[in-house]
Every structure is written in structure tokens, then in C-alpha cells.
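Taking it in order: structure first as C-alpha cells, then the write-up.
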């Protein structure tokens, strides 16, 4: 190889790497909705707010919406899993289809479960999020964060959230919180510390699911990764 050929190969390699970085603009987002007995109706009321997240999805983004239920580490909990098409004119149609699928799920009056397996859902989501390349990976958890594990479901021994931004959303106060106001703040602090301990890239808390979507929109506008 001549010196000129070597320089040309280096230039082409650098241009190729830069092109790959420019093309990696897609977001991979998981939304976990708590449908346990204590929160199922709240999740049902959050459906319109989920529409804000759906409307933010762009070409090649991936959106997975799943349920926090009795045993959440399962494909059975996936409500919808969609990679949006590359063609911009087809993205709108996909958004409508995704929203309709979520609406259909919540039309079932008997979705509430007896137990709340938050960690199983987080583990399933983490594996989903890291299974494909993305500019940013986001996990939105809509729950009161009261975990009541089922005796029949084993707890994950290890969960890693490296490279994943975690947003705890729609953190409603329970009846027990009214009797012990400190319990609410302590529960949020516990899960915040837990997510950081699992290696999350960042951890945020928002009062509503729509606010979580606005956090993601701000990331898109600023171009931060």
C-alpha cells in the first residue's frame, strides 16, 4: 500500500465512523405501567398522557409499553412493542396504531393484578432497551412504587441500568401515605437510590406521565445524549 492509499483509507474510515454517529439519532423508550390493584385505575387514566410520548416518536425510534403486574419479567406483560418506520410519512400511522393498541388493552375492565413486581418489569425493560443501538435509552415507570412481590415470582438477583435514563412518573400518594406523610418521600428516595445503585445514567421524578414525556422532548430539542 502506498502512503497516499494509506492516508485515503484513514480518511474514508474516519468519514464512515462520523456518518455512523450522525445516523444514530433514534430513541429507545420503555414505558412501564403499574396495573396492580392499588394503581390500575390510575394507569388507565394515564393513557391520554402516554399519547404525548407516542406523538414524540420519530423515524427509527422504538417504543415498548409494558405492564407491571404479578410476574413482570415476561413477554405476557408487553402491551405494544413497535419500531417506527424510517419513512416520515409512515410514522404518523404507526403512532395511531400504537395508541389504539394501548386503548384496547385498557378497555378490559379486569386488568388489575393482585401483586406488584416492579423489579421484574425493570429487568425486562433493561434487557429490551439494551438490545438495540440508540442515541438515548429511556425507561419511564408510572407507578406508586409500592412493591408487593408474589410468592410465586423470584426476585432478580442483579439488575443493571447502565446507559439508561430512568424517569419515575405519576407518583400518587396512597392511603398509607396520608396516615404517614414521610412514607411518600422515603419511598421515592428509596427507588431513586436503587436506580442510581443499578448504574442508571440519570434518575428523574415527575408528578405526571405527560411531564416525563416533556423531559424526553427537551432532550430531543437540546440534542443531548
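The values are calculated or read from the model by the stated rules, or taken from the named source; none is laboratory data. From a predicted model like this one, the values you see are computed outputs, not experimental measurements. Ideal geometry is used to build each Cβ from the backbone, glycine not excepted, and the neighbour counts take in all protein chains shown.
How many residues are buried (at least 17 other Cβ atoms within 10 Å of the Cβ) and over 12 Å from residue 119 (Cβ atoms) when one looks only at the stretch 193-204?
Total satisfying the criteria: 3.
Pairs please, first residue from the stretch 87-100 and within 14 Å of residue 64 (Cα to Cα), second anywhere and modelled with pLDDT of 95 or more and surrounded by fewer than 18 Cβ atoms within 10 Å (Cβ to Cβ), Cβ atoms under 8 Å, 6+ apart in sequence or on different chains.
94/82; 94/85; 97/82; 98/82
Would you confirm whether or not the stretch 169-176 contains a residue that is buried (at least 17 other Cβ atoms within 10 Å of the Cβ) and modelled with pLDDT of 85 or more?
Within the stretch 169-176, one or more residues are buried (at least 17 other Cβ atoms within 10 Å of the Cβ) and modelled with pLDDT of 85 or more.
Taking the stretch 101-131 on its own, how many of its residues are surrounded by fewer than 18 Cβ atoms within 10 Å (Cβ to Cβ), in contact (Cβ under 8 Å) with a residue 40 or more places away in the chain and over 18 Å from residue 43 (Cα atoms)?
Number satisfying all stated conditions: 0.
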